[in-house]
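One structure is given below, encoded as structure tokens.
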Amino acid sequence: MADQSVFRITKAICPRDQELSDLQKSSDLSLAVACRDIDVRNVKALIIGPHDTPYEFGFFEFAFKFNKEYPRKSPQVTAITTNGGRTRFNPNIYASGRVCLSILGTWRGERGEEWSAAQGLESILLSIQSLMSANPYENEPGFEDANEPSDKKNQKDYIQKIRHETLRISVIQRLEEYLKIGPDGTVPTPEAPKDAYALDVDNIEDESSVPFEPFKDLCKRRFLWYYDSYLAAVQKGKAEVKDNTPFQRMPFEGSSNIMDGKFNYSELERRLHNIKKALDAETESWAAEGLIAKAKESTVAVNLQRQFEQIVESFKRADIPHNLELVDGNPFVWILTYFGKPMTNLDGGLFRIKLSFSPRFPEEQPRIKFETRLFHHRIAADGTPCYVAPANRREDVKTHIEAVIDALEEENPPYDPRTLVYPEAFKLYWGSAEDRRLYNRRLRRSVQQSMEEL
């Protein structure tokens, strides 16, 4: 099967090398695009909803169709995350999938707002992302300056239902489909794909016959990042509205272009817990799958074993104190023992980090978890680290390890709400001077406790 990995843009679509280079070097954590090698004019894109909006950390998918006149003419853009054409997520993003933007020619804008050849895929995605604002009610033409009491109430009601449906449709439904979770929360026993461990060029399936789900692994990993934020959104919703309260219809919503339904945050909370449980179980299942792959001497098993040996040797040559070992000789489960960097808040700490690999690696990226508790703004409460490995080296395990350590040790990181994986630690780290002092004390305390746990 051909590589279906997420990447920034393809040269076949964008004739300008500079734009291609800039996009490939981009480290934007909220945008991703992908296409099949055999069909570069049809592109899928994912926008992760901005922080502090009702779309926060939702997964919104769009389809781009580039005609032969691109970039002289804009591509055709269709919203995919619409609950099967039943949900309008924004005044400018219709239930039918229509995206109203002047640069796309789907809305009459001011002079100078129309499409030009200087624009591209990234500029369209950023324009769509800008629609996902803290107060999307104002996006409707004629409602930009609406300040009547009825408008204030509508704004609040609109935000509440968008937050609910962002969780229900863009996050929960998507992950349940990926994981095949039933209405009662049950997950079928995973079956190993045919020839999954003995893949060679003679039995590669026709690419066009394989479902194209380029963001499947990305969304699973980002769900683990943002799990606590999703639960916080549920608690906020519960405090604001009772279950079974109907959504309020907005003045600009029509009978077939609407966000309709009822609030049920208790149900969303249950489903979020089920998804987390299923993802953890999936990660654990990789160990057993890996042993089968090892016995069959699959390409992935041999590759991981070789990388393990090379990294261990590189640690020795560079006199790096960290220790690396396999769990029960399984090349799909590694344990890294990380020694805290001297002269930092991590000094004296000893942390056990588990790396789990899928037999589909690198199409499915490793899932990493700190088994030793650590209070850190880049480590989620369950131990999942927030790190980004270079897209062009995703098959290099050493790069993943280095990226995790870099995220852990970075002394002056730029403020980036997309790395909000541990809400409590993040708030303290980026709060007042007193908040930062409290953060440092709690970090040091967890570092000291790490020795006791081991």
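If only the Cβ of Lys and Arg carry +1 and only the Cβ of Asp and Glu carry -1, the dipole of region 45-139 around its Cα centre is close to 480 debye.
Mind jotting down the distance between the C-alpha centroids of region 428-454 and region 327-396, whole Å? Each part reduced to its Cα centre gives a spacing of 20 Å.
Structure note, pairs Lys152/Lys238; Lys153/Lys216; Lys65/Lys216; Lys44/Lys68: Cα-Cα distances above 27 angstrom occur for Lys153/Lys216.
Comparing Ala287, Ala380, Val40 along the charge dipole axis of the chain, the residue lying farthest to the positive side is Ala380, per the Cβ-charge model.
In region 264-316, what chymotrypsin sites (Phe, Trp or Tyr not before Pro) fall in a loop by DSSP, with at most 15 other Cβ atoms inside 10 Å?
none
When the Cα positions of Phe263, Gln448, Asn345 are compared along the charge dipole of the chain, Phe263 comes out farthest toward the positive end, with charges on each C-beta of Lys, Arg, Asp and Glu.
The apolar share of the surface of the chain, taken as the fraction of accessible area on carbon and sulfur atoms (1.4 Å probe, ligands and nucleic acids excluded), comes to 49 percent. Given a Förster radius of 35 Å and the C-beta distance between Lys262 and Arg445 as r, what FRET efficiency does 1/(1 + (r/R0)^6) yield to the nearest 0.05? Plugging the Cβ-Cβ distance into 1/(1 + (r/R0)^6) gives 0.20. Estimated purely from DSSP H runs of n ≥ 4, each contributing -39500 (n - 2.57), the mean residue ellipticity at 222 nm for the chain is -11500 deg cm²/dmol once divided by its residues. Surface analysis of the chain yields an accessible area of 49 Å² per residue, using protein heavy atoms and a 1.4 Å probe.
Taking all protein chains together and a 1.4 Å probe, the residues Thr166, Thr337, Thr245 rank Thr245, Thr337, Thr166 from largest to smallest accessible area. Across the chain, counting alpha-carbon atoms alone, Rg and Dmax equal 23.4, 70 Å.
With an a/c value of 1.5 or above and a/b not larger than b/c for the gyration tensor axes a ≥ b ≥ c computed over the alpha-carbon atoms, region 79-158 is described as oblate. Taking GluC sites (Glu not before Pro) across region 71-115, the ones in a DSSP loop with at most 12 further Cβ atoms lying within 10 angstrom of their Cβ are Glu110. Accessible-area rank, largest first, for Thr299, Thr186: Thr299, Thr186, with all protein chains present and a 1.4 angstrom probe.
Full extension of the segment from Arg317 to Val302, taken as 0.36 nm per residue of separation minus the current Cα-Cα distance, would add 3.1 nm.
Between Lys73 and Asp280, the modelled label-to-label distance comes to 5.3 nm, taking each label 7 Å out from Cα in the direction of the beta carbon. For Lys316, the lysines whose Cα falls under 26 Å of its own Cα, not counting residues fewer than eight places away in the same chain, are Lys294, Lys341, Lys354, Lys369, Lys398.
Dipole check for the chain: with +1 at the C-beta of Lys and Arg, -1 at the C-beta of Asp and Glu, and the Cα centre as origin, the magnitude is about 740 Debye.
Restricting region 35-85 to GluC sites (Glu not before Pro) that sit in a DSSP loop and have at most 14 other Cβ atoms within 10 Å of their own Cβ leaves Glu69. Once you reduce region 71-88 and region 241-298 to the center of their Cα atoms, the two points are 22 Å from each other.
The values are calculated or read from the model by the stated rules, or taken from the named source; none is laboratory data. Since this is a predicted model, take the numbers as computed values, not measurements. Counting neighbours? That spans all protein chains shown, and the Cβs are built from the backbone with ideal geometry, glycine included. In case anyone asks, the SASA skips ligands and DNA or RNA and just uses the protein heavy atoms, side chains included. Shrake-Rupley method; radii C 1.70, N 1.55, O 1.52, S 1.80 Å.
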